[in-house]
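Some notes on the structure that comes next.
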Amino acid sequence: MVPVGHEGPYWWENAYADFALPTQIDDGTPAGAGGRGRYTISSASQPSLVARMLETLRVRDGMRVLEIGTATGYNAALLSARLGTDNVTTIEVDPHLAEQGRAVLASAGFKPTVVCGDGALGVRGGVPFDHVLATVAAKRIPYAWVEQTRPGGLAVTPWSNDYAATALLRLEVGHDGTASDRPIGDAPFMWLRDQRSAKGAWSDHVDRDAPVRRSQTAVDPRPLAEPRSGAEFAVGAMVPHLVKALFHARDGSGEYTLSLYDTHGSWASVDFVPGAAEYAVEQAGPRDLWEETEAAMAAQPVTYPTEQLWTRA
Ligand SMILES: C[S@@+](CC[C@H](N)C(=O)[O-])C[C@H]1O[C@@H](n2cnc3c(N)ncnc32)[C@H](O)[C@@H]1O
């Protein structure tokens, strides 16, 4: 990543393009070689996704909304324009971003309540909100978001685990202190600061010199490899810290190696070969990650209906 300034040739194209724009990297201090950034920790979200998330809220006049993740302030500005600044509270964990967001919002004529703090705890003043809108992803949904939303209101948040792609979760808050509903689409977002995933590539977490255990499996690995198969949410939830990497053959054969690993020294790989009845498995480290993964798949219905994973039990 390289910085792009106002004077840069692609400034306006980027500003109006329909993709997320990184706005802070490596907690403000670029950690890559030559002063380059490595990991995006804040961004202006993809405009079409911002619109979809706001539409999901179906706000009406007078509603009060708490946004988690102020960042650029753009989403808070849209909410303020619709609901009035008195009805909008936004919280940002990074002090520099919170201050910058507050200043940018003010310069655009909006003065919502901008709080600097951990949005996983919500914001006590002004509770309950009609809706809570998280613009940062959660692995474990903070209960404060449910507690601080009035019954009938919505907590809308990107949600996932280390294994699956991030889904947009729309939770309706009940009178009994629970919230339930279903994922309504994809929503790639960065994680809440305290729920970040381990950084680095597959090779950073895998000791290729560790003694390898070899076996064969008749379990088709494709649901594990394919995004949005449904299996990925279930398996990611049931096999703690599971992460995947895919390595496709470049010979047009359709073969690939699915590598599974945790960040504590265990890994497994399974070689998918189209048409094969069995697939080669290798494992190393203290956990039998492939057996854990197979067990998680076996515990799920064959067709992995995602809706069933989040409806109220
Ligand atoms: C994708 S950006 C949000 C985009 C923003 N809504 C906008 O309109 O520009 C996610 C933001 O969430 C912030 N964040 C991460 N963890 C947080 C937490 N625990 N509480 C509040 N903000 C958090 C990040 O610092 C980052 O600025």
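Between helix 289-298 and the chain, what is the angle of the helix's C-alpha long axis to the longest principal axis, kept within 0 to 90° and rounded to the nearest 10?
The answer is roughly 80 degrees.
How much length is gained if the chain between Arg60 and Ala31 is pulled fully straight, taking 0.36 nm per residue apart and subtracting their Cα-Cα distance, in nm to one decimal?
Details: separation 29, 0.36 × 29 = 10.44 nm, distance 4.36 nm.
This chain segment gains 6.1 nm when fully extended.
Can you find, among Thr40, Ile68, Trp267, the residue sitting farthest towards the positive end of the charge dipole of the chain, where Lys and Arg contribute +1 and Asp and Glu -1 at Cβ?
Ile68
How would you rank 53-60, 119-126, highest first, on the average number of other Cβ atoms within 10 Å across their residues?
119-126, 53-60
Given points 7 Å out from each Cα along the Cα-Cβ axis, report the Ala280 to Ser180 separation in nanometres with one decimal.
Using points 7 Å along Cα→Cβ, the separation is 4.7 nm.
Could you size up the charge dipole of the chain around its Cα centre, putting +1 on the beta carbon of Lys and Arg and -1 on that of Asp and Glu, and report it in debye to the nearest 20?
Result for the chain is approximately 740 debye, rounded to the nearest 20.
Compare the Cα positions of Val114, Thr56, Ser197 along the charge dipole of the chain (+1 at Cβ of Lys, Arg; -1 at Cβ of Asp, Glu; about the Cα centre) and return the one farthest towards the positive end.
With unit charges placed on the Cβ atoms, the residue in question is Val114.
Under the definition of Cα pairs under 8 Å and six or more residues apart, what whole-number percent is the relative contact order of the chain?
Values: 614 pairs, mean separation 33.0, N = 313.
After rounding, I find 11 percent.
Please give the calculated 222 nm ellipticity per residue for the chain, where each DSSP H segment of at least 4 residues contributes -39500 (n - 2.57) and the sum is spread over every residue; nearest 500 deg cm²/dmol? Don't skip to the end; give the middle numbers.
Numbers: 9 runs with 71 residues, N = 313.
Helix contribution divided over all residues of the chain: -6000 deg cm²/dmol.
Given R₀ = 22 Å, FRET efficiency for Val212-Asp251 by Cβ-Cβ distance, to 0.05?
0.35
Which lysines does Lys244 reach when only Cα atoms under 19 Å apart count, and residues fewer than 8 places away in its own chain are ignored?
Lys139, Lys199
Using packing as a proxy for protection, rank 156-169, 236-249 so that the peptide with the highest average count of other Cβ atoms within 10 Å comes first.
Final packing ranking: 156-169, 236-249.
Return the single residue from Arg193, Arg170, Arg36 with maximal mean-square fluctuation; model: Gaussian network over the chain, springs between Cα atoms under 10 Å.
Among Arg193, Arg170, Arg36, the largest mean-square fluctuation in the Gaussian network model of the chain belongs to Arg36.
Can you order the peptides 62-68, 100-106 by their average number of other Cβ atoms within 10 Å per residue, highest first?
62-68, 100-106
Beyond 29 Å, what percent of the Cα pairs of the chain remain?
45
Helix 47-57 against the longest principal axis of the chain: what's the angle in degrees, Cα atoms only, rounded to the nearest 10?
70
Could you pull out every one of the aspartates and glutamates with an alpha carbon less than 18 Å from that of Lys111, ignoring same-chain neighbours closer than 8 positions?
Straight-line reach from Lys111, under 18 Å: Asp61, Glu67, Asp86, Glu92, Glu99.
Measure nothing but the geometry: give the 0 to 90° angle between the long axis through the Cα atoms of 95-107 and the longest principal axis through the Cα atoms of the chain, rounded to 10°.
Relative to the chain, helix 95-107 is tipped by roughly 40 degrees.
Rule-based calculations on the coordinates, nothing more; no lab input. On a predicted model such as this, the values are computed, not experimentally measured, just so you know. Virtual Cβ from ideal backbone geometry, glycine too; neighbours counted across all protein chains shown.
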